[in-house]
Ligand SMILES: [Zn+2]
């Protein structure tokens, strides 16, 4: 499953960050995922649930920030929500556009537990 290997690499990155901060656990993880990133949201949820077992993220609250893909038409400059990379401009029907966002696949933030330093 494609999403499972993505979940594993997300966890790897999050754990590396947490270890830099000497954290004992990750309590919250926020992901930015674009609707054109190629990720199936449901599948990623399921994959994350399985993949966090025995990691610092085991009890973390995982939030997915779904980013609606947006494009700007190269002909008329209209900005619009795009569902498919080959969608044409809803205003002028132009086929060429620049993707503004929607390919995100990254960790936005994470919250960690660190041992009390006395
Ligand atoms: Zn247009």
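Please treat every number below as a calculation from the coordinates, not as lab data. Small disclaimer: the values here were computed from a predicted structure and weren't measured. All Cβ positions, glycine included, derive from the backbone under ideal geometry; neighbour counts span all protein chains shown.
Numbers at a glance
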{"read-out": "Using alpha-carbon coordinates, inclination of helix 41-51 to the longest axis of the chain, degrees", "value": "20"}
{"read-out": "Span from the segment 7-67 Cα centroid across to the segment 80-94 one, whole angstrom", "value": "32"}
{"read-out": "Simple label model, 7 Å out from Cα along Cβ direction - residue 78 to residue 2, nm", "value": "2.9"}
{"read-out": "Bridge type composition, the chain - antiparallel percent by DSSP, nearest 5", "value": "70"}
{"read-out": "Extension gain (nm, one decimal) between residue 59 and residue 27, 0.36 nm per residue minus Cα-Cα", "value": "10.9 nm"}
{"read-out": "Angle between the chain longest axis and helix 2-20 axis [Cα atoms, degrees, rounded to 10]", "value": "50"}
{"read-out": "Stokes-Einstein D (µm²/s) once Rh is taken as the Kirkwood radius of the chain over alpha-carbon pairs, at 37 °C in 0.692 mPa s", "value": "207"}
{"read-out": "GNM result for the chain, Cα springs below 10 Å: residue of 108, 53, 20 fluctuating most strongly", "value": "20"}
{"read-out": "Computed helical MRE - 222 nm, the chain, DSSP H runs ≥ 4 contributing -39500 (n - 2.57), nearest 500", "value": "-8500 deg cm²/dmol"}
